[in-house]
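> Okay, here's the structure, questions in a sec.
The values are calculated or read from the model by the stated rules, or taken from the named source; none is laboratory data. All of these numbers come straight from a predicted model, not from anything done at the bench. Methodologically, a virtual Cβ is constructed for each residue, glycine included, from the backbone with ideal geometry; neighbour enumeration extends over all protein chains shown. Side chains are part of the model used for accessible areas, which takes the heavy atoms of the whole protein and leaves out ligands, DNA and RNA. Shrake-Rupley method; radii C 1.70, N 1.55, O 1.52, S 1.80 Å.
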Amino acid sequence: MASALRAASEQAIEQTLSELAGRIGVRLAGSDGERRAAEWIADRFALMQLETCVEDFPVCERAVSAETLALKMDGTWREFPCSLFGAAPGTRGKTLEGKVEILAPATDFQAADLSRLKGKAVVCLGCHIESPESYRRLMAAEPLFLLMGDVRYPGNLPLADGLFPQYVRRYGAVPTVNVAYQHLWEWTLGKASRARLKVTGGMRPSRSENVIGILRGRDPAAGTLYVGAHHDTQAGSPGADDNASGVAVCLELARLLAPLRLRRTIQFISFGAEEQLSVGAAAYVRRHRREIELRGKLILNFDSCGTALGWNKLLCNGGADLERCWRSFAAPRNWYYRLSTELSPYGDHFPFLAAGVPAIWVARANCAAGNFVHHRADDDLAKVSVEKMAEGVQVAAAFLAAVAEQPRLPFRAKLAPELTAAATAGWRELFGGWRGLPAMPESLLEPVASEED
C-alpha cells in the first residue's frame, strides 16, 4: 500500500513538472507564460474540490526582445551573452559605450568617493547591492551601465536576476545586466578597456496572480496553516527546480490532504512574481493582513526543493520547538537536512514573518553556494528528481496532518519579539512595509507604442 501511494505521488509530481517546466516553459512575472501556469494550477485545486480563488496584483513585466554586449580586448570587439536584470531599464534600443571600471562591493564601498564610476561601464563583482546606502551611492555616482557577475557560481553562462524594486523606486536605476563569472576573468586577463551594451525592451506594466486553494478546517477558531510555492521563473529559464518543484510538492500535498477533515484550515498558495522579490507573497499578506495576524500559525514554503543531486535544507524561523516538531516526522522517514535559522528575505515566507507567523522553508542544495543551475536556462527536467520530491512530500504530509489536527500546537504560534522586530525592519527596507512600494517611475518603463507605431 505504501509503495502504491508513493508511486501515485511520483506520478502526480511528474505531471506538474512536465506541465510547468515542459509544456509552458519560461514563466516570467506578468507574462502569458505565468498566466497559463496560474490557470493550470487553479484548475488542479478545483479538481481537488478545494475552495479556489485567483487574486491578481500589479507587476512590471520584463519584456526584452534583444540584448547585445561587446567588450574591446586587445583592440578587438568581442560579443558576450548577458541578461537584463528585472526592474532595470533597457537602453531604448540605443548602443551605450563606456570605459570599463571594476567595482568590488565587498570592499570598494569603503571608499568615500565613487566619482571614478561616472559615465563608466561598471563591472560589479556580485549579484546584488544589498545595502540601500551602497545602492544609493552607486546611483549617485552615475555609472553608464552595470555588468553584474554572480560570484556565487563560477560558471560560463550568465544567470538571470533582478534589482530590488524598493531600491529602484527610491534611487533609480541604470541599464543592468548579468554576465557570466568566467567572462569576468576573460575581460580581466584580456585587459578589456571598453564595453558596449544595447538592450531593446525592458520593464512594462502588467498583472500577476496568486492562486489559492483552501481546505477548510472543522474549527475556524483553531487557526490557519499556509503552504506556499511560486510558479514564476527568471528570464530564459524553464524553472524545473526553481520553482516547478515547489509547486509540484504544494499540489501533491493538497491532493493528499484534501480528503481529510482536519481541525485547522490549510491554505495552499501558488504565488506569482517571487523572482521580483516576493511581490506576490507581499501582495497577499497585505491584502489579508488582519486574518493572517489573527489566525496564521505557520507558513511552510517550498522553493527549489527538487534537485536530483544534493542535500536537503531546512530554514526554520520559529524556534527550537518548531524544528523539533518537523524533525520528529523527518527522522523516522530518513529525511535528513542541514538546518539554518537565518532570516532570509529571498523567499515567499518572509512577508508572513512580518505578520508574526513562524516559517519553514524547505529546499535542496547541490553546491556550496546553493544550486549550480540557479536562474539558468539549463534548470530543466533533467536536473530534478521526482523521487526526492516524493520523499519530502511524505514528511510534509505527515507533519501537516498532525499539526492541523492537534488541539494544541506543539510549537509557539507567534514569532519571538526579537525575530519579529528583525523581520519588520527588513519588511520596511526591502518591501516598503505595509503601505507597499510606490509606482515605478515612468522614466524607467518602456514607452507604450501607439497604434501608428
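> Every residue in segment 9-32 that is in a helix (DSSP H, G or I) and over 21 Å from LYS383 (Cα atoms), please.
Listed by number, the list holds a single entry, ASP32.
> Still on this structure, please answer the following. What pairs can you find where one residue is in segment 291-312 and within 18 Å of ASN334 (Cβ to Cβ), the other is among the aromatic types (Phe, Trp, Tyr), and their Cβ atoms are less than 7 Å apart, with a gap of 6+ or different chains?
These pairs meet every condition: ASN312/TRP335; ASN312/TYR336; ASN312/TYR337.
> Let me ask something additional. For residues that are within 26 Å of LYS94 (Cα to Cα) and basic (Lys, Arg), scanning just segment 126-162, find the one that is surrounded by the most Cβ atoms within 10 Å (Cβ to Cβ).
ARG137
> Another question, if that's okay. Looking at segment 270-278, is at least one residue over 22 Å from VAL403 (Cβ atoms), open to solvent by 10 Å² or more (accessible area, probe 1.4 Å), in contact with an Asp or Glu (Cβ under 8 Å, 6 or more places away or on another chain) and among the small types (Gly, Ala, Ser)?
No, that holds for no residue.
> Moving to a separate point now. State yes or no: is TRP434 open to solvent by 60 Å² or more (accessible area, probe 1.4 Å) and either assigned to a helix (DSSP H, G or I) or closer than 22 Å to MET203 by Cα (or both)? Walk me through how you get there before you give the answer.
Details: open to solvent by 60 Å² or more (accessible area, probe 1.4 Å): yes; either assigned to a helix (DSSP H, G or I) or closer than 22 Å to MET203 by Cα (or both): yes.
Yes; evaluated as a whole, the condition is true for this residue.
> Under 7 Å between Cβ atoms, which residue pairs at least 6 apart in sequence (or on different chains) link something in segment 211-232 that is closer than 17 Å to SER245 by Cα with a partner that is in a loop (DSSP other than H, G, I, E, B) and open to solvent by 10 Å² or more (accessible area, probe 1.4 Å)?
If the second residue must be in a loop (DSSP other than H, G, I, E, B) and open to solvent by 10 Å² or more (accessible area, probe 1.4 Å), the pairs left are ASP232/LEU28.
> Let me ask something additional. How about segment 334-361: which of its residues are open to solvent by less than 10 Å² (accessible area, probe 1.4 Å) and in a strand (DSSP E or B)?
Within segment 334-361, ALA359, ILE360 meet the criteria.
> Filter segment 48-93 for residues that are crowded, with 22+ Cβ neighbours inside 10 Å and free of Cβ contacts under 8 Å to residues at least 12 places away in the same chain and give the result.
If the condition is that a residue be crowded, with 22+ Cβ neighbours inside 10 Å and free of Cβ contacts under 8 Å to residues at least 12 places away in the same chain, then no residue fits.
> Residues being surrounded by fewer than 24 Cβ atoms within 10 Å (Cβ to Cβ) and not in a helix (DSSP H, G or I): count how many of those fall in segment 178-191.
3
> Looking only at segment 163-177, which residues are open to solvent by 10 Å² or more (accessible area, probe 1.4 Å) and among the polar types (S, T, N, Q)?
GLN166, the sole residue that qualifies.
> Moving to a separate point now. In segment 228-250, how many residues are open to solvent by 10 Å² or more (accessible area, probe 1.4 Å) and in contact with a helix residue (DSSP H, G or I) (Cβ under 8 Å, 6 or more places away or on another chain)?
The qualifying residues number 2.
> Still on this model: Taking ALA221 as the residue in question, decide whether it is among the aliphatic types (A, V, I, L, M) and farther than 30 Å from ALA365 by Cβ.
yes
> What is the number of the single condition among (1) without any contact (Cβ under 8 Å) to a residue 60 or more places away in the chain; (2) in contact with an Asp or Glu (Cβ under 8 Å, 6 or more places away or on another chain) that MET203 does not meet?
(1)
> Working only within segment 116-158, note down all residues that are over 15 Å from THR188 (Cα atoms) and hydrophobic (A, V, I, L, M, F, W, C).
Answer for segment 116-158, where residues must be over 15 Å from THR188 (Cα atoms) and hydrophobic (A, V, I, L, M, F, W, C): LEU117, CYS127, ILE129, LEU138, MET139, ALA140, ALA141, LEU144, PHE145, LEU146, LEU157.
> If you don't mind, another one. Looking at segment 18-37 only, could you name the residues that are surrounded by fewer than 23 Cβ atoms within 10 Å (Cβ to Cβ) and among the aliphatic types (A, V, I, L, M)?
Result: ILE24, VAL26.
> Would you please name the residue that is nearest to GLN234 (Cα to Cα), looking only at residues in segment 168-196 that are more than 30 Å from the chain's Cα centre (by Cα) and basic (Lys, Arg)?
ARG194
> Mind listing whichever residues of segment 257-287 are under 18 Å from VAL59 (Cα atoms), assigned to a strand (DSSP E or B) and polar (S, T, N, Q)?
Residue satisfying the conditions is SER270 alone.
> Next question. Checking the structure you have, find out if any residue of segment 396-403 is in a loop (DSSP other than H, G, I, E, B), over 23 Å from ALA7 (Cα atoms) and of a type in the set (A, V, I, L, M, F, W, C).
Scanning segment 396-403, I find no residue that is in a loop (DSSP other than H, G, I, E, B), over 23 Å from ALA7 (Cα atoms) and of a type in the set (A, V, I, L, M, F, W, C), so the answer is no.
> Still on this structure, please answer the following. Kindly evaluate ALA42 against the criterion of being in a loop (DSSP other than H, G, I, E, B), touching a strand residue (DSSP E or B) at 6+ places or on another chain (Cβ under 7 Å), small (Gly, Ala, Ser) and modelled with pLDDT of 95 or more.
So ALA42 fails the test.
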